[in-house]
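The values are calculated or read from the model by the stated rules, or taken from the named source; none is laboratory data. Please read all numbers here as calculations on a predicted model, not as lab measurements. Heads up, the Cβs are rebuilt from the backbone with ideal geometry, glycines too, and the neighbour counts pull from every protein chain shown.
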Amino acid sequence: MARTTILLLVSLLAFAACGPGKSWDELNKEATEAVQGGDAEAAATLLEEALQLARDGGDPDQIIKSLTNLGDLYTSRSDLPKAVTYFEQAFAEIEKKLGEDHIDLAKGCDSLGRHYRNLGRADEALAMHTRGLEIREKHLEPNAQEIADSLNNVGAVLIQTNRPAEALPMIERAVGIWQGAMAAHPKLGAAYANMAQIRRAQGDVPGAIAELEKAVEVFRQNFGPRDPRLASTMHSLGKEYHRAGRLDEAERTYRNALSIREEVLGARHVETAHSMTNLGMLMRSQRRPQAAEPLYVDALSILREQLGNEHRDVASGEFNLGVLYASMGRFGEAEPLFKSSLATYETNLGDNHPTVAMILRNYVELLRQDGRADEAAPFEARLKSIAEGTADPA
C-alpha cells in the first residue's frame with residue numbers, strides 16, 4: 001500500500017512539473033514571435049504542432065487557419081511549391097466545411113488560383129478562377145463587384161497563357177462593373193494593367209502605354225505616391241516607354257519605381273533588384289555602360305543573396321552583366337558569368353532550350369572576339385544541333 005502511494009505521488013509530481021500541453025493559441029503566438037525573431041525553422045515546428053493539435057481536436061476553423069499559416073510561412077521563405085501543398089489542403093478543408101457550391105468558397109478559389117499563378121501552374125490557376133467565377137455568377141447579380149474580381153482573375157491567366165483574344169471580353173466586363181461602381185475604383189488599376197498586356201500582345205504599344213498611365217493614376221489616387229503597387233505599375237510603364245523609344249520618360253519612370261521600392265520594400269529586396277536591372281538595361285541601350293554596371297552588379301548581389309546561386313533570376317542577372325562586360329571588352333570578367341548562367345539554365349530548362357541557345361551564341365561571340373575561335377567551334381556545333389533539333393553532341 002505504501003509503495004503504491006509513493007508511486008502515485010511521484011507520477012503526480014512529474015505531471016505537475018511538466019504541466020499541461022500548450023494550447024493552439026499559445027503555439028501560434030510563439031510561432032509569430034519566432035518569425036519576428038528570424039527563426040523560421042522554429043516557427044515551422046510550432047505551426048506543425050498547432051496543426052496536429054487542431055486535427056486532434058477536430059476544429060475545422062483551426063485546421064484551416066493552421067494550414068494557411070504554414071502556407072504563408074513557406075511563401076515568405078520563397079518555397080512556393082511547399083507553400084501550395086498547404087494552401088491546397090486548406091482549400092480542401094474549406095470545401096468540406098462549406099460544400100462545393102457555397103458562395104464563400106469563391107474566395108478560396110481566388111486565393112488558391114493566385115498561388116497556382118505565382119507557381120506557374122497556369123492550367124490549374126485557370127480552372128480554379130473559372131470555378132470561382134461560376135460560383136459567383138450562380139449566386140450574385142451580374143454587376144456584382146465580386147464577379148468583376150473573378151473576371152479579372154480569369155482574364156489575367158488567359159493573358160499569361162497567351163490567349164489575349166479570350167481575355168479581352170473578361171477584362172472589359174470587369175472594367176465596366178468597377179467603373180459603374182466608382183470612377184476611380186481601386187481595383188481598376190489591376191484591370192488597366194491587364195488591359196495593357198492585351199494591347200501589347202496586339203502590337204499596340206501606344207495603347208499599352210495609355211492603359212498603364214491610367215493604372216498609375218488609379219493607384220496613386222487610392223494608395224498614395226509611395227505604394228508598392230504603384231511601383232510595379234511604373235516598372236511596367238517604364239518598359240513600354242523604353243519600347244516606344246521614349247527614353248527620358250522611361251528613365252524617369254524607372255527611377256521613381258526604384259525609389260519607391262527601396263523605401264517601402266527595402267534596398268535588398270528582389271523587386272528592388274528588378275528595378276535596378278531594368279534601369280541598367282536602359283543605360284546599356286543608350287550606350288552608357290559605366291552607368292549600367294553598378295546597377296547590374298548591385299542587382300545581381302541582391303538576387304544571389306535572396307534567391308541563391310541556382311535561381312533563374314540569378315542566371316538572368318549573370319547573363320546581363322556578362323553581356324555588358326563583353327561589350328566593354330572585359331572578356332575575362334564576362335566569361336565566368338556566361339558559364340554560370342548557362343549551367344543554371346541548362347539545369348532548369350534543358351540543354352536545348354532557346355534561352356540556352358541565346359547564351360551559347362553570346363559565349364561564342366565572346367570567344368571569337370577574344371581570339372579563341374578554336375574554343376568556340378564545339379559550341380557553334382552545339383548551336384547548330386539545337387537549331388536542327390538533333391541530339392546535343394555534348
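Summary of computed values
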quantity	calculated
Scan of region 217-228 for residues that are surrounded by fewer than 22 Cβ atoms within 10 Å (Cβ to Cβ) and under 22 Å from residue 157 (Cα atoms), ordered by number	228
Search result, residues across region 300-309 that are in contact with a helix residue (DSSP H, G or I) (Cβ under 6 Å, 6 or more places away or on another chain) and either part of a loop (DSSP other than H, G, I, E, B) or farther than 16 Å from residue 340 by Cα (or both)	302, 306
Of residues in region 136-160 being exposed (fewer than 14 other Cβ atoms within 10 Å of the Cβ) and in contact (Cβ under 8 Å) with a residue 24 or more places away in the chain, the one nearest to residue 113 (Cα to Cα)	138
Residue that is nearest to the chain's Cα centre (by Cα), among those in region 285-299 that are surrounded by fewer than 19 Cβ atoms within 10 Å (Cβ to Cβ) and part of a helix (DSSP H, G or I)	298
Test result for residue 324, touching a residue at least 40 places away in the same chain (Cβ under 8 Å) and either in a helix (DSSP H, G or I) or loosely packed, with under 14 Cβ neighbours inside 10 Å (or both)	yes
The lone exception for residue 245 - which of (1) part of a loop (DSSP other than H, G, I, E, B); (2) touching a residue at least 24 places away in the same chain (Cβ under 8 Å); (3) not aromatic (Phe, Trp, Tyr) it fails	(2)
Residue check, residue 108 of a type in the set (Gly, Ala, Ser), modelled with pLDDT of 95 or more and in a helix (DSSP H, G or I)	no
Some residue of region 337-357 being part of a helix (DSSP H, G or I) and more than 30 Å from residue 272 (Cβ to Cβ)	yes
Breaking point among (1) among the charged types (D, E, K, R); (2) assigned to a helix (DSSP H, G or I); (3) over 20 Å from the mean Cα position of the chain (by Cα), for residue 101	(2)
